[in-house]
Each structure stands twice: as structure tokens, then as C-alpha cells.
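The values are calculated or read from the model by the stated rules, or taken from the named source; none is laboratory data. Given the structure is predicted, the values throughout are model-derived calculations rather than measurements. Here Cβ is always computed from backbone atoms with ideal geometry, including for glycine, and neighbour counts include all displayed protein chains.
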């Protein structure tokens, strides 16, 4: 169940990253974190399954497994949201810099002509 839930969240984050035109929400980092978690869970399941002698179910589907997968996903979402909030505060507190270099280039070319 862990692998299924993390893969679903990774697919949703990747789809959102592809569909949102601007990356102001840092969806690329979120999808990377979810794909990393999915890979980690896959490797953990595979090694554990082989060490147990390939006995039992590979995918455990239960309420406990679902709650454990939510306990892995919620910190990723919390860290991502904190990163987005910090970026917003940095963007808001940064002074607006006027780009007058274009005007200067136009004035210099007008003098040369």
C-alpha cells in the first residue's frame, strides 16, 4: 500500500508540474521528493520481500499500511509548503529593481545615429 499511495502522489505532483505554466509553487521539487520516496519504498519492499524468502504478499493492503504511507507523505507536503511560503516572503521583501538598462541602450543608439 505504501508503494501504491506514494506512486499516486508522485504521479499527481508530476502531472501538476507539467500542467502549471510557471513554477512559482516549486512543483518540480515536490514531484522529485515523491519520486524519491516511491523509489525508497520500492527498494525497501523488494529487499524485505527477498530477505523473507519471497513469502507473503508483496503489497500489504491494510488500514495500518495506509496510515503509515500518510505519515510519510505529510512531512513531505509540510516541507514543500514551508519552502513555498519562504520563497513568497523573500519575493515580497525584495526591493523592486527597475531595469533602466534598456532605456540607456536606446538613448546611446539614438546619439550614435
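Return yes when residue 14 is closer than 19 Å to residue 68 by Cα, surrounded by 14 or more Cβ atoms within 10 Å (Cβ to Cβ) and within 13 Å of the chain's Cα centre (by Cα) and no when it is not. Before you say what the answer is, go through the steps one by one.
Numbers: closer than 19 Å to residue 68 by Cα: no; surrounded by 14 or more Cβ atoms within 10 Å (Cβ to Cβ): yes; within 13 Å of the chain's Cα centre (by Cα): yes.
So residue 14 does not fit the description; no.
Suppose the filter is at pLDDT 90 or above, on the phi < 0 side of the Ramachandran plot and surrounded by 10 or more Cβ atoms within 10 Å (Cβ to Cβ); does residue 27 pass it? I'd like the intermediate steps shown before the answer.
On the way: at pLDDT 90 or above: yes; on the phi < 0 side of the Ramachandran plot: yes; surrounded by 10 or more Cβ atoms within 10 Å (Cβ to Cβ): yes.
Yes.
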Inset, instruction - Scan region 41-51 for residues that are surrounded by 14 or more Cβ atoms within 10 Å (Cβ to Cβ) and without any contact (Cβ under 8 Å) to a residue 24 or more places away in the chain and jot them down. - result: 49
Legend entry - Residue ID - modelled with the lowest pLDDT, chosen from residues in region 56-100 that are in a loop (DSSP other than H, G, I, E, B) and closer than 26 Å to residue 46 by Cβ: 56
Inset, instruction - Filter region 52-63 down to residues that are without any contact (Cβ under 8 Å) to a residue 40 or more places away in the chain and either surrounded by 10 or more Cβ atoms within 10 Å (Cβ to Cβ) or touching a strand residue (DSSP E or B) at 6+ places or on another chain (Cβ under 9 Å) (or both), then give me how many there are. - result: 1
